[in-house]
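The values are calculated or read from the model by the stated rules, or taken from the named source; none is laboratory data. Note that the structure is a prediction, hence the values are computed from the model and not measured. No Cβ is skipped: glycine too gets one built from the backbone with ideal geometry, and neighbour counts run over all protein chains shown.
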């Protein structure tokens, strides 16, 4: 699903409506104006970052492709890296020189560089330890609130969905089986698969969020 939303895969049927435009029907050329408006933070930041390019160039690549002058794009990259709590020196380093959490921050900075309206985030904290998870989730929450971003958060952990999302859609075998406001879905549990996901959460004492 998320690959379809950023134009990496073309679905065989259905609609992908963005401001009333069906993205599924667009040609590769017609997709170009939407690439900056819809960005993605991938689950595996190391695989999605070019190991041969320095971090500053990676973050600046999107704006440069959109016609922003290189110097301005690199300056913007430095600002964004500070925003995700990275040191200025990071611009001159390569992805392999950073931890998994730092690489994920670089991926977030790259996604924000084109000032998107829709940010698709694919389980970005899956491989991180708990302190790093909390910091990264706090960053994403802050960006969403301060920048007015629409965020599509893809996760296998319903606790994260409960913390970050206003609405949730539960998918099983590629089909949506339940959707609605987070508190409502977690309280009613109309579908057995939703209950199964909740039961799989390790530990005890977690309470689903209540509806506003």
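Scan region 136-149 and tell me whether some residue there is farther than 23 Å from residue 36 by Cβ, in contact with a helix residue (DSSP H, G or I) (Cβ under 9 Å, 6 or more places away or on another chain) and touching a residue at least 60 places away in the same chain (Cβ under 8 Å).
no
Identify, by number, the condition in (1) in contact with a strand residue (DSSP E or B) (Cβ under 7 Å, 6 or more places away or on another chain); (2) closer than 20 Å to residue 148 by Cα; (3) touching a residue at least 40 places away in the same chain (Cβ under 8 Å) that residue 43 doesn't meet.
(2)
Before we move on, is residue 97 surrounded by fewer than 17 Cβ atoms within 10 Å (Cβ to Cβ) and in contact with a strand residue (DSSP E or B) (Cβ under 9 Å, 6 or more places away or on another chain)?
No.
Residues of region 150-159 being in contact with a strand residue (DSSP E or B) (Cβ under 7 Å, 6 or more places away or on another chain) and either buried (at least 19 other Cβ atoms within 10 Å of the Cβ) or in contact (Cβ under 8 Å) with a residue 60 or more places away in the chain (or both), which ones? I'd like the intermediate steps shown before the answer.
Within region 150-159, the subset in contact with a strand residue (DSSP E or B) (Cβ under 7 Å, 6 or more places away or on another chain) is 150-154.
Within region 150-159, 152, 153, 154 qualify.
Just to be sure before I move on: is residue 56 at pLDDT 90 or above and either part of a helix (DSSP H, G or I) or buried (at least 20 other Cβ atoms within 10 Å of the Cβ) (or both) in the structure I sent?
Values: at pLDDT 90 or above: yes; either part of a helix (DSSP H, G or I) or buried (at least 20 other Cβ atoms within 10 Å of the Cβ) (or both): yes.
It is true that residue 56 is at pLDDT 90 or above and either part of a helix (DSSP H, G or I) or buried (at least 20 other Cβ atoms within 10 Å of the Cβ) (or both).
So which residues in region 165-182 are surrounded by fewer than 17 Cβ atoms within 10 Å (Cβ to Cβ) and either at negative phi or touching a helix residue (DSSP H, G or I) at 6+ places or on another chain (Cβ under 6 Å) (or both)?
Of region 165-182, the ones surrounded by fewer than 17 Cβ atoms within 10 Å (Cβ to Cβ) are 166-167, 169, 171-177, 179-181.
Matches in region 165-182: 166, 167, 169, 171, 172, 175, 176, 177, 179, 181.
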